[in-house]
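The values are calculated or read from the model by the stated rules, or taken from the named source; none is laboratory data. In this text the structure is predicted, and so the values were computed from the model without any measurement. Glycine also receives a Cβ, built like all others from the backbone with ideal geometry; neighbour counts cover every protein chain displayed. With ligands, DNA and RNA removed, areas are computed over all heavy atoms of the protein, side chains included. Shrake-Rupley method; radii C 1.70, N 1.55, O 1.52, S 1.80 Å.
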Amino acid sequence: MGKKMTEKLKVLQIIFDGAIQSWEIPALRGAISAKVGEQSVLFHNHKETGYPLIQYKCIRNRPALVCIGEGLDEIHHFFSQQDWSVEISGRRLPMKILDISLNGYVMQVWDRGFEYQIQNWIALNQEAHRVFMGMKRPSDQIPFLEKKLTGNILSMAKGIGWYVDKPIETSITKLSEPFKVRVKGVGVLAFHARFRTNVFLPNGIGLGKNVSFGFGTVNELNTQNKGIVT
């Protein structure tokens with residue numbers, strides 16, 4: 001059986017009732033994972049190996065889940081619970097559904113570019129951080145980060161079972177100053193950026209490191225590409 005050059009990908013986004021701050025996402029993941037139990041490794045992904053197919057988000061200060069591909073098959077482990085509410089930071093969130101959307105996407109390398117913004121993007125591991133900090137000129141830094149972003153897209157493709165048969169082109173068009181975010185109590189470097197790529201990326205998915213905690217969330221800047229959504 002040959003490898004697939006395109007992949008039809010389903011993405012389910014669920015926004016729940018209750019107020020939450022972005023720094024509380026790890027607690028949200030922990031509470032939902034505890035409620036589901038060990039029956040679905042996609043909910044907790046303790047080893048952070050591979051591309052997370054269930055990602056925890058803070059959308060408009062609301063708790064949210066983004067389920068990708070096989071992650072849709074696992075969401076029933078949460079919704080089959082008699083009580084959906086979770087407790088984080090000493091308060092109870094009812095987790096009633098405020099908004100739910102299901103979209104299908106054709107994943108392939110196109111002959112045109114698409115524009116996106118990415119928030120709180122953790123692009124660098126320890127070694128890459130050392131290399132980046134040694135670069136003083138944007139003309140060196142931006143191509144370095146573009147390669148990391150292309151690698152992030154390839155990691156996502158591998159995680160959803162999509163075989164990329166053409167070169168992925170990625171260009172960063174706007175980049176914030178690096179800033180520190182905390183992951184599991186450790187400060188790491190992050191960026192906000194705008195970029196173009198010839199891959200159509202589903203809104204709300206994450207790229208980079210620690211995406212299951214809501215980092216590296218991608219949204220399209222031009223929303224006129226409805227024909228690419230199936």
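Side notes on the structure shown:
- Across the protein chains, with a 1.4 Å probe defining accessible surface, the residues M107, M135 rank M135, M107 from largest area downward.
- Multiplying the residue separation of I168 and Q126 by 0.36 nm and subtracting their alpha-carbon distance yields 12.6 nm.
- Cβ-Cβ FRET estimate between F79 and V183, R0 fixed at 30 Å, reported to 0.05: 0.60
- Projected onto planes of every orientation and averaged, the convex hull of the alpha-carbon atoms in segment 29-110 covers 6.9 nm².
- Cα centroid of segment 149-226 to Cα centroid of segment 91-148, whole Å: 2
- Lys/Arg +1, Asp/Glu -1 at C-beta; the chain dipole; positive extreme among F144, I68, N219: F144
- Computed [θ] at 222 nm, deg cm²/dmol, the chain (DSSP H ≥ 4; -39,500 (n - 2.57); rounded to nearest 500): -7000 deg cm²/dmol
- Among the chymotrypsin sites (Phe, Trp or Tyr not before Pro) in segment 126-195, those located in a DSSP loop and surrounded by at most 16 other Cβ atoms within 10 Å of their own Cβ are Y163.
- Of the solvent-accessible surface of segment 1-127, computed with a 1.4 Å probe over protein heavy atoms with every protein chain present, carbon and sulfur atoms account for 49 percent.
- Using Cβ point charges alone (K and R +1, D and E -1), the dipole size of the chain about the Cα centre works out to roughly 460 debye.
- A Stokes-Einstein calculation at 4 °C with viscosity 1.567 mPa s, built on the Kirkwood radius of the chain over Cα pairs, returns a diffusion coefficient of 70 µm²/s.
- Probe 1.4 Å, accessible area per residue of segment 65-206, Å²: 53
- Potential lengthening between S89 and R112 on full extension [0.36 nm per residue; Cα-Cα distance subtracted]: 3.8 nm
- The length gained by stretching the chain between E38 and L72 to full extension, at 0.36 nm per residue less their Cα-Cα distance, is 10.5 nm.
- In terms of its alpha-carbon gyration tensor, segment 1-138 comes out oblate; a/c meets the 1.5 threshold, while b/c is at least as large as a/b.
- With both residues required to sit in segment 1-120, DSSP beta bridges show an antiparallel share near 100%.
- Among I118, H77, S89 - extreme Cα towards positive end, dipole of the chain, charges at beta-carbon: I118
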